[in-house]
Amino acid sequence: MDIMDLRRIRYFIVLSEELHFGRAAQRLNIAQPPLSQQIRVLEDELGARLFERTNRRVELTAAGKALLPEARTLLAQAERTGEVARRAQRGELGELRVGFTGSSAFSSVIPKLIFEFRRRLPEVHLRLEELTTQQQLTAMLERRMEVAFVRDTARPDLPPTLQVIRLFEDALVAVLPARHPLALQGGALAVGALKDEGFVMYPRESGTGVYDQIVALCQQAGFTPQLAQEARESPTIIGLVAAGLGVALVPTSLRSIKVDGVAYRPLRGKGARSAMWMVLRAGELSPQEALFVTLAKEIGAGASEET
């Protein structure tokens with residue numbers, strides 16, 4: 001039904017409840033003649049008399065009594081449909097697809113962001129998927145995802161169809177076997193002290209910026225890291241260090257991974273820091289994306305202040 005049809009249905013329901021044209025017109029905030037005219041139009045459309053009218057009273061006919069519950073259901077459904085559309089326009093419904101790397105889940109920002117977004121918009125389905133950096137960027141370019149989180153020392157070089165926002169940065173720390181001589185020393189550790197160690201690292205093809213940063217830091221210290229073992233997941237890297245396969249450099253947020261047999265040591269130097277970037281599609285953001293960005297900036301700013 002069009003807007004006029006639904007208006008007539010509402011007029012019919014109010015008149016059915018009042019059984020008086022004057023009171024119904026007053027309740028509808030219209031004059032009585034237009035109300036009478038619209039009821040007659042509705043009766044003509046349906047091919048049935050809905051009211052018995054006399055000078056003294058107005059009563060529902062059998063057809064009117066049969067129509068009343070259906071009319072109420074129809075009007076309620078129309079109102080629900082309109083509210084769904086309005087809520088979707090405000091971003092209160094729908095879906096937001098978000099990718100993240102394994103290491104980003106251990107930062108304080110991502111869990112807080114997801115919690116707050118779900119609290120604000122509980123009826124928006126937040127579809128989360130753990131992927132490598134390269135897999136996330138591919139999904140973004142293929143429009144299979146709205147938001148991605150990647151880690152890199154500098155602003156990622158992305159196609160013009162994507163935009164990026166820096167959220168926060170944190171330091172890198174060395175992960176050492178607990179009985180390693182360097183683990184027993186106090187104070188910050190120079191990267192050069194690791195020149196004779198084997199490294200447990202992310203695979204280069206995973207696309208994570210941490211790999212390139214580790215290589216750059218080691219080369220600045222005068223050596224190329226010796227690859228002892230590759231692992232794609234951060235907890236696996238730390239577990240392999242505990243097993244004595246080598247040492248690792250990871251974002252400080254991963255210190256929350258409690259593994260027996262490892263020690264975390266801070267690194268010297270301003271370059272031993274890593275930034276978290278949020279990737280979005282370029283152009284106008286949906287209401288869900290806009291709220292996600294606002295919350296991410298607020299929470300990310302707090303995280304930067306803490307580090």
Give the residue that is surrounded by the fewest Cβ atoms within 10 Å (Cβ to Cβ), with candidates limited to residues of segment 195-234 that are under 32 Å from the mean Cα position of the chain (by Cα) and of a type in the set (Asp, Glu).
Glu205
Criterion (loosely packed, with under 14 Cβ neighbours inside 10 Å and either touching a residue at least 40 places away in the same chain (Cβ under 8 Å) or in contact with a Phe, Trp or Tyr (Cβ under 7 Å, 6 or more places away or on another chain) (or both)) met by exactly one of Glu52, Glu59:
Glu59
Scope segment 254-289; condition part of a loop (DSSP other than H, G, I, E, B) and out of contact with any helix residue (DSSP H, G or I) (no Cβ under 8 Å at 6 or more places or on another chain); matching residues:
Lys258, Lys270, Ala282, Gly283, Glu284, Ser286
Do any residues in segment 182-196 that are over 10 Å from Leu217 (Cβ atoms) have Cβ atoms under 6 Å from those of residues that are assigned to a loop (DSSP other than H, G, I, E, B), where the two are at least six apart or on different chains, and which pairs are they?
Ala188/Arg268; Ala190/Arg268; Lys195/Phe223
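Conditions (1) more than 30 Å from Thr161 (Cβ to Cβ); (2) exposed (fewer than 14 other Cβ atoms within 10 Å of the Cβ), marked per residue:
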position	(1), (2)
Thr252	yes, no
Lys258	yes, yes
Lys270	yes, yes
Glu284	no, yes
Ala296	no, no
Going through segment 10-49 one residue at a time, which ones are out of contact with any Asp or Glu (no Cβ under 7 Å at 6 or more places or on another chain), among the small types (Gly, Ala, Ser) and without any contact (Cβ under 8 Å) to a residue 40 or more places away in the chain?
Gly22, Ala25, Ala31, Ser36, Gly47, Ala48
When restricted to Ala301, Ala216, the only residue closer than 20 Å to Ile110 by Cα, assigned to a helix (DSSP H, G or I) and assigned by TED's automatic domain parsing to the domain that holds Leu113 is Ala301
Take the residues in segment 110-149 that are under 22 Å from Tyr211 (Cα atoms), among the β-branched types (Val, Ile, Thr) and part of a helix (DSSP H, G or I); name whichever of them is nearest to the chain's Cα centre (by Cα).
Ile110
Just to be sure I understand the filter: pairs with C-beta atoms under 8 Å, separated by 6 or more residues or on different chains, first member in segment 102-121 and more than 14 Å from Phe168 (Cα to Cα) and not assigned by TED's automatic domain parsing to the domain that holds Ala296, second member part of a helix (DSSP H, G or I) and of a type in the set (D, E, K, R). Which pairs pass?
none
Here is a check on your reading of the model: is Pro266 surrounded by fewer than 15 Cβ atoms within 10 Å (Cβ to Cβ), touching a residue at least 12 places away in the same chain (Cβ under 8 Å) and in contact with a strand residue (DSSP E or B) (Cβ under 6 Å, 6 or more places away or on another chain)?
yes
Filter result for Leu240 (in the same structural domain as Glu169 (by TED's automatic domain parsing), over 22 Å from Glu169 (Cβ atoms), assigned to a helix (DSSP H, G or I) and modelled with pLDDT under 90):
no
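The values are calculated or read from the model by the stated rules, or taken from the named source; none is laboratory data. Values in this document were obtained by computation on a predicted structure and should not be read as measured data. Virtual Cβ from ideal backbone geometry, glycine too; neighbours counted across all protein chains shown.
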